[in-house]
Amino acid sequence: MDQAEQLRNIIKANQVQRPVARVITVTSGKGGVGKSNTAINLAIQFRKLGKRVIILDADFGLANIEIMFGAIPKHNLSDLIYQGMNIKDIITWGPMEVGFISGGSGIAGLSNLNKDYLNYIVQNLAELDSITDVIIVDTGAGISDAVLEFLVASGEILLVTTPEPTSITDSYSLIKALNRHPRFNQNDTKVKVITNRVETEDEGTKLYNKLNAVVAKYIKLPMEFLGSIPQDNLLSRAVMQQMPVSLQSPNAKSAKAYERMAAILMDKQVEKTVTKRGMAGFFSHIAIGRKLSHNNGGE
């Protein structure tokens with residue numbers, strides 16, 4: 001039995017009679033389009049709907065979520081993986097009791113861990129499933145291998161784009177790279193587009209239609225339009241003051257847009273269509289991919 005098969009068996013053993021959290025991954029083709037802002041405001045809106053939420057900051061090069069939380073975490077995912085800490089010890093609690101886990105650089109070495117240690121990590125991640133309803137993964141921007149691994153592991157992807165021509169072309173490049181990934185399965189993944197910094201809802205809809213038309217023609221990957229976030233001075237002010245606009249100005253037009261999107265995502269009929277892998281399943285997918293790559297002479 002190879003290591004990847006051993007890891008699959010570990011996951012199955014730890015998923016017996018356990019709750020499974022919903023994992024939503026927020027990404028973008030380029031930086032600076034409001035991806036992290038979207039992640040944290042959706043988290044706040046989910047909390048207002050009574051959901052328990054934890055954000056995993058997987059954008060290892062930046063600390064956008066930390067800045068908006070107004071707190072520097074003492075620990076990160078590396079402390080769980082390499083220092084033997086418990087999952088609950090590495091969670092930082094922010095506004096409205098939204099949990100936050102800093103990814104650190106812990107993912108890179110997953111392919112080198114032995115069976116016993118992987119079992120320990122999976123048990124901890126499965127425990128995370130029991131204390132939260134939704135886990136939002138905030139990836140890095142672009143089409144790096146690390147970003148693609150997170151997207152391939154996710155059953156639900158929110159792609160944030162803006163009217164800037166470079167944002168549109170980079171969003172297309174990201175979808176193209178994702179679709180070409182050897183472990184990507186269209187049937188198990190839903191891609192939903194959010195158009196940000198638009199002047200009107202009509203502009204946002206046209207932007208989505210433009211991107212979707214190209215994707216449908218050349219990639220044939222089904223996408224959905226989740227909605228638009230308008231240009232909003234109150235949002236810009238909230239960012240400058242390191243506060244989510246959904247808390248600082250809950251009646252702002254941008255906050256209302258996040259509220260509508262959260263309601264759509266949490267609609268019972270929508271939830272029924274989503275594949276719930278849980279956090280343990282999410283990371284097992286990444287670890288298996290890294291092991292396969294490692295065994296085949298990859299990174």
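The values are calculated or read from the model by the stated rules, or taken from the named source; none is laboratory data. Since the model is a prediction, treat every value here as computed from it, not as a measurement. Please note: Cβ atoms are built from the backbone with ideal geometry, for glycine as well, and neighbour counts cover all protein chains shown.
Conditions (1) under 30 Å from residue 175 (Cα atoms); (2) surrounded by fewer than 23 Cβ atoms within 10 Å (Cβ to Cβ); (3) in contact with a helix residue (DSSP H, G or I) (Cβ under 9 Å, 6 or more places away or on another chain); (4) at pLDDT 90 or above, marked per residue:
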{"position": "65", "(1), (2), (3), (4)": "yes, no, yes, no"}
{"position": "72", "(1), (2), (3), (4)": "no, yes, yes, no"}
{"position": "75", "(1), (2), (3), (4)": "no, yes, yes, no"}
{"position": "78", "(1), (2), (3), (4)": "yes, yes, yes, no"}
{"position": "84", "(1), (2), (3), (4)": "no, yes, yes, no"}
> Just one of 133, 138 is touching an Asp or Glu at 6+ places or on another chain (Cβ under 7 Å) and at pLDDT 85 or above; which is it?
Replying inline: 138
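Conditions (1) of a type in the set (Asp, Glu); (2) at positive phi; (3) assigned to a helix (DSSP H, G or I), marked per residue:
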position	(1), (2), (3)
221	no, no, no
224	yes, no, no
227	no, yes, no
239	no, no, yes
254	no, no, yes
> Are any residues in the stretch 27-50 surrounded by fewer than 18 Cβ atoms within 10 Å (Cβ to Cβ) and either at positive phi or not aliphatic (A, V, I, L, M) (or both), and if so, which ones?
Replying inline: 31, 32, 48, 50
>> Anything in the stretch 86-95 that is surrounded by fewer than 18 Cβ atoms within 10 Å (Cβ to Cβ), in a helix (DSSP H, G or I) and free of Cβ contacts under 8 Å to residues at least 40 places away in the same chain? List them, or say none.
In response: 89
> Among the residues of the stretch 165-176, is any surrounded by 22 or more Cβ atoms within 10 Å (Cβ to Cβ), over 16 Å from the mean Cα position of the chain (by Cα), part of a helix (DSSP H, G or I) and not aromatic (Phe, Trp, Tyr)?
Replying inline: yes
>> Looking only at the stretch 180-208, filter to residues that are among the polar types (S, T, N, Q) and either free of Cβ contacts under 8 Å to residues at least 12 places away in the same chain or part of a loop (DSSP other than H, G, I, E, B) (or both); which one of those is surrounded by the fewest Cβ atoms within 10 Å (Cβ to Cβ)?
In response: 187
> Of these, 53, 98, 16, 20, which one is surrounded by fewer than 20 Cβ atoms within 10 Å (Cβ to Cβ), modelled with pLDDT of 65 or more and of a type in the set (Val, Ile, Thr)?
Replying inline: 20
>> I need the full set of residues from the stretch 168-194 which are at pLDDT 95 or above and of a type in the set (Ser, Thr, Tyr), in order please.
In response: 169, 171, 172, 173
> What's the number of the condition residue 270 fails, among (1) among the hydrophobic types (A, V, I, L, M, F, W, C); (2) at pLDDT 85 or above; (3) out of contact with any Phe, Trp or Tyr (no Cβ under 6 Å at 6 or more places or on another chain)?
Replying inline: (2)
> Quick one: in the stretch 31-50, which of the residues that are of a type outside the set (A, V, I, L, M, F, W, C), modelled with pLDDT under 95 and in contact with a strand residue (DSSP E or B) (Cβ under 9 Å, 6 or more places away or on another chain) is nearest to residue 259 (Cα to Cα)?
Replying inline: 37
